[in-house]
Amino acid sequence: MKRLIEDLGSRRIMGLIHCSGGGQTKIGKFGQPGIKYVKNNLFPTPPLFQMLQEVRGLPVQEMFRAYNMGHRLEAVVATQDIAEGCIAISKECHIDAQIVGEVVPSGDPHGRQVQIVTDKASVTYDFKV
């Protein structure tokens with residue numbers, strides 16, 4: 001974190017979300033109304049979460065809402081260049097990183113959305129502001 005902020009500057013990172021206590025949907029609590037976070041390039045789900053889903057019989061919507069599904073931290077940045085800088089710094093620190101999605105208009109000026117798209121499901125969560 002220190003390297004990201006020192007090397008890129010705190011004004012170039014628009015948000016940092018630790019994906020605990022709200023899982024993959026936690027990011028929906030942050031940002032301007034009228035946006036949608038589209039997560040369509042997630043890391044593969046670790047076997048632990050697949051087992052949890054099977055054993056507990058939870059629907060995929062609940063899994064993404066409750067668990068981070070192997071993602072620990074998300075940075076919201078304004079441009080592809082900044083994202084690539086974040087990834088380069090992460091790799092220098094031996095931390096896997098990748099662009100997991102994008103921010104687009106949601107069509108709802110009074111809320112935010114999180115849409116998670118995988119090869120097995122597409123789920124959208126609404127957050128009213």
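Evaluating kT/(6 pi eta Rh) at 20 °C and 1.002 mPa s, with the Kirkwood radius of the stretch 85-129 over Cα pairs in the Stokes-Einstein relation, gives 165 µm² s⁻¹. Using alpha carbons only, how many angstrom separate the centre of the stretch 28-100 from the centre of the stretch 104-121? Here the two parts' Cα centres lie 14 Å apart. If you restrict to DSSP beta bridges whose two residues both lie in the chain, what percentage is antiparallel, to the nearest 5? Given both bridge residues lie in the chain, the antiparallel proportion sits at roughly 80 percent.
Farthest towards the positive end of the charge dipole of the chain, among the residues ALA78, ILE13, ILE27, is the Cα of ILE27, using unit charges on the Cβ of Lys, Arg, Asp and Glu.
Each eigenvalue of the Cα gyration tensor of the stretch 19-123, multiplied by 5 and square-rooted, gives one semi-axis; in descending order these are 23, 20, 11 Å. In a reduced charge model with +1 at each Lys and Arg Cβ and -1 at each Asp and Glu Cβ, the chain shows a dipole moment near 380 debye about its Cα centre.
Percent relative contact order of the chain, based on C-alpha pairs within less than 8 angstrom and at least six residues apart?
Normalised by residue count, the contact order of the chain is 40 percent.
Summing +1 for each Lys or Arg and -1 for each Asp or Glu, what net charge is found among the other residues whose Cβ lies under 12 Å from the Cβ of TYR67? Residues near TYR67 contribute +3 overall. Summing +1 for each Lys or Arg and -1 for each Asp or Glu among the other residues whose beta-carbon sits under 11 angstrom from that of PHE127 gives +3.
Taking a Cβ cut-off of under 10 Å around GLU102, the surrounding Lys, Arg, Asp and Glu residues balance to a net charge of +2, with basic ones at +1 and acidic ones at -1. Lysine pair count for the chain (Cα-Cα distance under 16 Å; residues 8 or more apart in sequence or on different chains): 8.
We did not get these values from a lab; they are worked out from the coordinates using the rules stated. Because the structure is predicted, anything quoted here is derived from the model rather than measured. Cβ: placed from backbone, ideal geometry, glycine included. Neighbour counts: every protein chain shown.
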